[in-house]
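Working notes for the structure below.
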Amino acid sequence: MFTRIIAAALALATPLGIAATPASAQVAPFPEGFRTEEISTNGTTIHTRIGGKGPAVVLLHGYGETGDMWAPLAADLARDHVVIVPDLRGMGLSAKPAGGYDKKTQGQDIAGLLDALKVGKTALVTHDIGNMVGYAFAAQNRERVTSFVLMDAPLPGVGPWEEILKNPLLWHFRFGGPDMERLVAGRERIYLDRFWNEFSARPERFSEASRVHYAALYARPGAMHAGFAQFAAFDQDAIDNRAFVAAGKLAMPVLAVGGEKSFGPMMATVMRFAASDVTEATIPDAGHWLMEEQPKATVAAVRGFLDTHK
C-alpha cells in the first residue's frame, strides 16, 4: 500500500511489558532483569524500560503502539547491549503534557533521557512516528548516534513529503481536534483497528491480545489528545526537518527497512534525501507492523546491521 503512495510521490518529487491491562491482554513481556524508570526531562516524564549490558541502543515506537512493541527485539539485543525503551511523550505510560509534540522537542526528550541515564553514544532503532523523533534526535546530536535503523514511515518535509500528504489513504495525518476526540472517545479500539487492519499484509497477525492491550493504553486520559497532537505537529516537523537536511545529511550508517506490502524499498529511497550512508532492507510478507507481522525476520535484520556497525 505505502509502496504505491511513495512511488507515485517520488515520480513528482524533486531532490531536496508493563502491566497496564489484565494479564489475558498482555503483549509479550520484556525479559527478566529489565527495570522501569520514570525519567523527568525537558518538562515531562518519560516511562522507560532499561535492561542488558554493553553499548546502548534506544528503541522508539510509533503510533498505535507503545514501547511494549519492542519486547522480542529487546530480548535479543539485551544479550550484548544496554537496551533503552521509552514510551514517547504523551503515549503509553509516559506523562501527557499539553504541548511539545513537535519531533524536535521530542528529540530533546530523548537527549535528556540519555543524559539522565549517563549514556553518551547510542544506536537507534525506530518505527513509524519513532522514525521522526529519532531523526530529530540524530540531527540535533549527530555525534551521539553510532548507527540508525528506521522502519516503514516517512519523515515530514523530507523527499516527496508534500505529495505523500495528498494521498487519501493518509487522511489521519489531518484528523484531530476536540470534535475528533469526542468522536473517538470510548471507541478507541474501532479507530485503532483501522490502522492495524489496513496497514497489515495479514491483519490476523496483529494479535487480539495486542489490540486489547494497546486500545486500553490509548483510552487512558489524555492519550488520544496526545496522539492527535503527534500528527498535528507534522507541519512544524516539516519545517524543522528541512532545516536539519539543509545543515547536512546524517553521516552515521543508516538501515532503511520497509515491509514488502508497505514502504518496501522506497523507505531507503526516502532516507537517501536525509542520510549519506543508507542500506536498504525489505521484510518479506509484511505490511507496516513489522514487529507483529514478521518479528523473527525483523529482529534478524536489525541484529545483523547493528553487529556490522558496532
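The values are calculated or read from the model by the stated rules, or taken from the named source; none is laboratory data. If you're wondering where the values come from, they're calculated on a predicted model, not measured in any experiment. In this analysis, Cβ positions are derived from the backbone assuming ideal geometry, glycine residues included, and neighbour counts consider all displayed protein chains.
Scan the range 268-296 for residues that are part of a helix (DSSP H, G or I), crowded, with 17+ Cβ neighbours inside 10 Å and not polar (S, T, N, Q) and jot them down.
Correct list: A268, V270, M271, L290, M291, E292, E293, P295.
State whether one or more residues within the range 77-94 are part of a helix (DSSP H, G or I), closer than 24 Å to R303 by Cβ and among the hydrophobic types (A, V, I, L, M, F, W, C).
Checked the range 77-94: at least one residue is part of a helix (DSSP H, G or I), closer than 24 Å to R303 by Cβ and among the hydrophobic types (A, V, I, L, M, F, W, C).
Would you mention how many residues in the range 212-267 are β-branched (V, I, T), surrounded by 19 or more Cβ atoms within 10 Å (Cβ to Cβ) and more than 30 Å from A297 (Cβ to Cβ)?
Matching residues across the range 212-267 total 1.
State yes or no: is V302 in a helix (DSSP H, G or I) and at pLDDT 95 or above?
Details: in a helix (DSSP H, G or I): yes; at pLDDT 95 or above: yes.
Answer is yes for this residue.
Answer yes or no: is there a residue in the range 241-249 that is within 22 Å of A95 (Cβ to Cβ) and either of a type in the set (G, A, S) or out of contact with any Lys or Arg (no Cβ under 7 Å at 6 or more places or on another chain) (or both).
no
E143 - would you say it is at pLDDT 95 or above and assigned to a helix (DSSP H, G or I)?
Details: at pLDDT 95 or above: yes; assigned to a helix (DSSP H, G or I): yes.
Here the answer is yes, as E143 does meet what is asked.
Return the residues of the range 248-267 that are under 17 Å from the mean Cα position of the chain (by Cα) and at pLDDT 95 or above; say none if nothing qualifies.
Passing the criteria: V254, L255, A256, V257, G258, G259.
List every residue pair whose Cβ atoms lie under 7 Å apart, where the two residues are 6 or more positions apart in sequence or sit on different chains, the first residue falls within the range 235-264 and is in a strand (DSSP E or B), and the second residue, located anywhere, is surrounded by fewer than 21 Cβ atoms within 10 Å (Cβ to Cβ) and charged (D, E, K, R).
L250/R142; V254/D277; A256/E280
What number of residues within the range 184-232 satisfy the criterion of being acidic (D, E) and not in a helix (DSSP H, G or I)? Steps first, answer last, please.
So the first thing to find is which residues in the range 184-232 are acidic (D, E), and the list is 188, 193, 198, 204, 208.
Now restrict to residues that are not in a helix (DSSP H, G or I): none.
Count: 0.
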